[in-house]
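The values are calculated or read from the model by the stated rules, or taken from the named source; none is laboratory data. Nothing here was measured: the structure is a model prediction, and the numbers come from that model. As a convention, Cβ positions derive from the backbone with ideal geometry for all residues, glycine included, and neighbour counts pool all protein chains shown. Remember, those area values only see protein heavy atoms, side chains included, never the ligands or the DNA or RNA. Shrake-Rupley method; radii C 1.70, N 1.55, O 1.52, S 1.80 Å.
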Amino acid sequence: MLGTDLLKEWDTDELIPASSQDADVRIAEQVHRLLARTRPDWTVLTAAYTDVDGSERNPETAFAVNASGAENVARAAKELGSRLFFVSTDYVFDGTSTRPYEPDDPIAPLNVYGQSKAAGEKAIREHHSDWCIARTSWLFGAAGACFPEKILRASETRPELTVVADQVGSPTFTRDLARMIRDLVRMDARGTLHVTNEGSCSWFEFAREILRQASRDSIRIKPITTADAGRPAIRPAYSVLSPASLNARGLRMPDWRDALGCYLKELRKQGKLA
Ligand SMILES: NC(=O)c1ccc[n+]([C@@H]2O[C@H](COP(=O)([O-])OP(=O)(O)OC[C@H]3O[C@@H](n4cnc5c(N)ncnc54)[C@H](OP(=O)(O)O)[C@@H]3O)[C@@H](O)[C@H]2O)c1
């Protein structure tokens, strides 16, 4: 989802797209061969095993892709003189904070996915010296299966939806994130940053806004608790990431509601939404 939008948004430099068919990040030789052939100034690692509940069932896969995969990319990039940009997640935090998380707040992931991404961050810091890590959250975009798409699809067949109301975070549009990654790379950003759309909401509030902006207000929507939802992976109750690290570099992301409007416009343009 993010990779597709990166390719769309990044027209200011020569980009070399790479999918899992070009290199499986779990296999060090494949990663090394790809980077040795392409010799990029920067390597942007967006690939990940992103199935949060699936990671509980398949922890080996989550760690192989998100931790060992990140290490393989870090080692090859370091050896071949490529700087490294890694995309990480709000799920490295445990959600007990009462204010937005800053990049140097202690991490304590609650689920296997968050643990594997935290291990990926550690591998980047250990095996490379010139890196930028951007943590983001609650991604949505036209190129992938995402929460707004699921809500829109469900609203076509169900008169009432139930959505979790006790998890709060910042929805982030992959196009805005892609533009920000491009700008951060172009300004040679270093260190750990938090990059999400501005503002925050619960999944319930997010769903309500999706239906409102899609003119489907007639669909009833009922708030439920995380316990009611009964998902395999524990999720942080509060994972809002502070924009301070971006703002300190003179950068700002749009508000999530405006970003949602742009996403819906894109769906309409692609004929996926009336
Ligand atoms: N989605 C979210 O809400 C969210 C939130 C916070 C952070 N993030 C992070 O943001 C980044 C982008 O997420 P996304 O939602 O755009 O991901 P996505 O749509 O699930 O795409 C992940 C990509 O990783 C590739 N991949 C998986 N295993 C691989 C392997 N072994 N070797 C090489 N490539 C592999 C997949 O390729 P194939 O399809 O070919 O397997 C896929 O193209 C990830 O690093 C994720 O951890 C996501």
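Roughly how tilted is helix 112-127, in degrees to the nearest 10 and between 0 and 90, from the longest Cα axis of the chain? Around 30 degrees separate the two axes. Counting only DSSP beta bridges with both residues in the chain, the antiparallel share comes to about 10 percent. Backbone amide hydrogens, once placed in the peptide plane, bring F140 within less than 5 Å of T172, F173, T174, excluding anything fewer than 5 places away on its chain. Projecting the Cα atoms of I107, G144, S88 onto the charge dipole of the stretch 35-155, computed from C-beta unit charges around the Cα centre, puts G144 farthest toward the positive end. Looking at the stretch 120-274, the DSSP beta bridges with both ends there are about 15 percent antiparallel.
Helical runs (DSSP H, four residues minimum) scored at -39500 (n - 2.57) apiece and divided by the length of the chain put the mean residue ellipticity at 222 nm at -12000 deg cm²/dmol. Here the chain exposes an accessible surface that is 48 percent carbon and sulfur, computed with a 1.4 Å probe and the other protein chains kept in place. Spatially, the stretch 112-153 and the stretch 211-248 are offset by 17 Å when compared through their Cα centroids.
Sort 74-83, 112-121, 135-144 by packing, meaning the average of other beta carbons within 10 Å per residue, with the highest value first.
112-121, 135-144, 74-83
Centre-to-centre separation between the Cα atoms of the stretch 1-46 and those of the stretch 49-103: 16 Å. For the stretch 157-274, the Kirkwood hydrodynamic radius from C-alpha pairs, put into Stokes-Einstein at 20 °C and a viscosity of 1.002 mPa s, yields a diffusion coefficient of 134 µm² per second.
Computed over the alpha carbons of the stretch 130-187, Rg followed by Dmax gives 15.3, 51 Å.
Put simply, the stretch 5-132 fits an ellipsoid with semi-axes of 25, 17, 14 Å; these come from the alpha carbon gyration tensor as the roots of five times its eigenvalues, largest first. The phi torsions of the stretch 259-274, fed into the Karplus equation with coefficients 6.51, -1.76 and 1.60 and a -60° offset, translate into couplings of 4, 4, x, 5, 4, 5, 4, 5, 4, 5, 4, 7, x, 8, 9, 6 Hz, rounded to whole numbers, with Gly and Pro shown as x. Taken per residue, the accessible surface of the stretch 126-274 reaches 45 Å², heavy atoms only and a 1.4 Å probe. A simple packing score, the average count of other Cβ atoms within 10 Å per residue, orders the peptides 257-263, 34-40, 126-132 as 257-263, 126-132, 34-40, with the highest score first. Altogether, the Stokes-Einstein calculation at 10 °C and 1.306 mPa s, with the Kirkwood radius of the chain over Cα pairs as Rh, returns a diffusion coefficient of 83 µm²/s.
Relative to the longest principal axis of the Cα atoms of the chain, helix 28-38 runs at roughly 80 degrees. Here the contact order of the stretch 1-158, divided by its residue count and restricted to Cα pairs under 8 Å and six or more residues apart, works out to 27 percent.
Proximity of backbone amide H atoms, modeled 1.01 Å from N, is registered between L193 and I133, A134, R135 at under 5 Å, excluding neighbours fewer than 5 places apart on the same chain.
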